[in-house]
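Below is one structure; the comments refer to it alone.
The values are calculated or read from the model by the stated rules, or taken from the named source; none is laboratory data. What you are looking at is a predicted structure, and each value in this text was computed from that prediction instead of being measured. Please note: Cβ atoms are built from the backbone with ideal geometry, for glycine as well, and neighbour counts cover all protein chains shown. Ligands, DNA and RNA are stripped out before the accessible areas are found, and what is left, the full protein with its side chains, is counted by its heavy atoms. Shrake-Rupley method; radii C 1.70, N 1.55, O 1.52, S 1.80 Å.
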Amino acid sequence: MHKVIIKGGRPLEGKVRISGAKNASLAILCASLMADKPLVLENIPYINDVKVLIEIIGTIGAKIYWQDYQSLYIEPPEKINGDAPYELVKKLRASNLLLGPMLAKFGCAKVSLPGGCNIGSRPMDLHFKGLRGLGAEVSLERGHIIGRAGKLTGTQIYLDFPSVGATENIMMAACLAEGQTIIENVAKEPEIVDLANFLNAMGAKVRGAGTDIIKIEGVTSLDKCQRYSIIPDRIEAGTYMVAAAATRGNVLIENVIPKHVEPLIAKLREANVDVEESEDTITVTAGKQLKPVDIKTLPYPGFPTDLQSQMMVFLSTVPGTSVIIENIFENRFQVADELKRLGAKIKVEGRMAVIEGGSSLHGAHVKATDLRAGAALVIAGLAASGETHISNAIYIYRGYQDIENKLKLLGAEVRCL
Ligand code: UD1
């Protein structure tokens, strides 16, 4: 039983330190399989998704262990020992990011079709298009993705949609391909830039990450990196920012890159929340005359889908009508039904949610349906009067390091079971 119990109704006050970025860590861990020498990754968050990926990478043949709380030692395998096992892969969508590195480094990959959060259909056609463009054979056989490759060759690939995972998989594989690869209409998320920086630190030649076009000059070995430190998690930072606003609190967020949360800062300010930035901190103070705002989720630098559920909670506390349009994942409004149990007034029609904010939230028994929905329910529990019980909290532990302690330091009454 994984449960979070919150006695809500009091403002969050104090400081919270943000951990390393989950999504950057997952991609960089996969990329480290392509290294020719052991290396250490720092600022890796101690969360369930990372622990699962460590197990998968260990099964494949890497020697991998925690050196201390946030540093991972990785000795990549010379050849692959086994397949990525279904029981582990089904827990983690990001295990699809093993495909590119395994094909490029070892010439073969067998990964069970990945699981993860149930937030939409999540096809992989763009990953396959890119890897096939580089010369790999990729097929689906009885629930497994099977990939084979001789020498990969640089090519030009246009992504129909700027998919984060497809950009990462193709970028990683292209690093060891012969010649130049140009990927157009790529994702521009900060995690893409962090992955490119890590690949370059290993000796790759990747240019343009963070823009619409990435150019990669293939190299024959990746042996230059000894240590690399992961960027802070913008979604974790954003979650605490929204929690501060929803509870009408005052929170200093430490170890954050303000530029990475610019779309959230803009929306909070539009809602009359006071947000102050310094080089690596953000202070959020909820003002008195809050205003409803409309949100459309979009690829970076648009408003992130991973903060949409949390904002739905905040907007439920703000008098007036707010509208959220979800453009990335078609099944990401499941949290609305749970929020209604706490008294929120939300109508969902297709990709649009209309929130009639301002009614007071009260504690209830609710269920997390995915990672960010779980985070949203935590915020709702903090803002609601009385006690909220969140079941299926395993989803929350997938992505939030030390959430119980971090919230307690902010004055929350919370128990994670
Ligand atoms: C990553 C993040 C996730 C975030 C998402 C969008 C990781 C581990 N996860 O997920 O937290 O919510 O980006 O910012 O980094 N698509 C296709 N074909 C493909 C691939 C994707 O049509 O081959 C579509 C998806 O169905 C979805 C959209 O593209 O509608 C975005 O998906 P994508 O950017 O690939 O998300 P992930 O990499 O899975």
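For segment 1-103, the relative contact order works out to 28 percent when only alpha carbon pairs closer than 8 Å and six or more residues apart are counted. Computed with a 1.4 Å probe on the full set of protein chains, the accessible area for Phe303 sits at about 10 Å².
With each label modelled as a point 7 angstrom along the Cα→C-beta vector, the Lys259-His365 pair spans 4.9 nm.
Antiparallel DSSP bridges in the chain: what percent, to the nearest 5? Provide the component values of the computation, followed by the final result.
Working: 57 of 78 bridges.
Percentage antiparallel, nearest 5: 75.
Considering Cα pairs under 8 angstrom that are at least six residues apart, work out the relative contact order of the chain and quote it in whole percent. Contact order relative to length: 21 percent. If you model segment 1-123 as an ellipsoid using its alpha carbon gyration tensor, with each semi-axis the square root of five times an eigenvalue, the axes come out at 30, 19, 12 Å, biggest first. The accessible-area ordering, largest first, of the residues His365, His260 stands as His365, His260, per a 1.4 angstrom probe.
Segment Arg132..Lys205, full-extension length gain: 24.2 nm, with 0.36 nm per residue of separation and the alpha-carbon distance subtracted.
Under 13 Å from the 7 Å Cα→Cβ point of Tyr46, by amide nitrogen: which residues of segment 381-407? Inside the label zone: 401-406. Residues whose amide H lies under 5 Å from that of Lys224, counting only those 5 or more places away or on a different chain, are Gly203; hydrogens are built 1.01 Å from N in the peptide plane.
For segment 22-229, the carbon plus sulfur part of the accessible surface works out to 47%, probe radius 1.4 Å. Distance from the alpha carbon centroid of segment 25-49 to that of segment 181-231 works out to 14 angstrom.
How high is the relative contact order of segment 22-229? Use alpha-carbon pairs under 8 Å, at least six apart in sequence, and give a whole percent.
Values: 471 pairs, mean separation 41.4, N = 208.
It comes to 20 percent, rounded to a whole number.
So what does Val348 come to for accessible area, using a 1.4 Å probe and Å² rounded to 10? Its heavy atoms expose roughly 70 Å² to the probe.
Quick one: ranking His144, His362 by accessible area, 1.4 Å probe, largest first, what do you get? All intermediate terms of the calculation are to be shown ahead of the outcome.
Numbers: His144 55, His362 85 Å².
Descending accessible area places them as His362, His144.
Remark on segment 22-229: hydrodynamic radius 16.5 angstrom, per the Kirkwood mean of 1/r across alpha carbon pairs. Amide H contacts under 5 Å for Asn250: Leu12, Glu13, Gly14, restricted to partners 5 or more places along the chain or on a different chain, H placed in the peptide plane at 1.01 Å from N.
Scanning residues 5 or more positions from Arg17 or on other chains, those with amide H under 5 Å from its amide H are Glu254, with H placed 1.01 Å from N in the peptide plane.
Only protein heavy atoms count here; under a 1.4 Å probe, Arg398 has an accessible surface of about 30 Å².
Starting from the exponent 0.38 and prefactor 2.2 Å, build the expected Rg for the chain from its residue count and divide its actual Cα Rg by it.
Details: Rg = 21.2 Å, N = 417, 2.2 N^0.38 = 21.8 Å.
After normalising by residue count via 2.2 N^0.38 Å, the value is 0.97.
Charged neighbours of Gln289, selected by a Cβ distance under 14 Å, balance to +2 (K, R count +1; D, E count -1).
If Lys79, Lys215 are ordered by their accessible area, calculated over protein heavy atoms with a 1.4 Å probe, which sequence runs from highest to lowest? Can you show the working numbers first?
Values: Lys79 140, Lys215 80 Å².
The ordering from most to least exposed comes out as Lys79, Lys215.
Which links in Lys129/Lys205; Lys63/Lys188; Lys188/Lys215; Lys7/Lys288; Lys91/Lys408 stretch past 20 Å when you go from one Cα to the other?
On the way: Lys129/Lys205 22 Å; Lys63/Lys188 31 Å; Lys188/Lys215 13 Å; Lys7/Lys288 23 Å; Lys91/Lys408 28 Å.
Too far apart for the 20 Å limit: Lys129/Lys205; Lys63/Lys188; Lys7/Lys288; Lys91/Lys408.
If the segment from Gln334 to Ser71 were pulled out straight at 0.36 nm per residue, it would be longer than the present Cα-Cα gap by 91.2 nm.
In the elastic network of the chain, a GNM with C-alpha springs shorter than 10 Å, the most mobile of Ala243, Ala380, Ala271 is Ala271. Binning all Cα-Cα separations of segment 165-263 at 5 Å, short to long from zero, yields these whole-percent fractions: 2, 13, 20, 18, 15, 11, 9, 6, 4, 2, 1, 0.
Probe of 1.4 angstrom, ligands and nucleic acids ignored: what's the accessible area per residue over the chain, in square angstrom? Before the final figure, lay out each step's value.
Working: 16070 Å² over 417 residues.
Spelled out: the 1.4 Å probe surface of the chain, per residue, equals 39 Å².
Where q = 0.18, 0.20, 0.21 Å⁻¹, what log10 of I(q)/I(0) comes from the Debye formula for segment 209-316, counting one point per Cα? Debye curve over Cα of segment 209-316, log10 I(q)/I(0) at q = 0.18, 0.20, 0.21 Å⁻¹: -0.86, -1.01, -1.10. Summarising the overall dimensions of segment 279-364 from its C-alpha atoms, the Rg and Dmax are 13.3, 40 angstrom.
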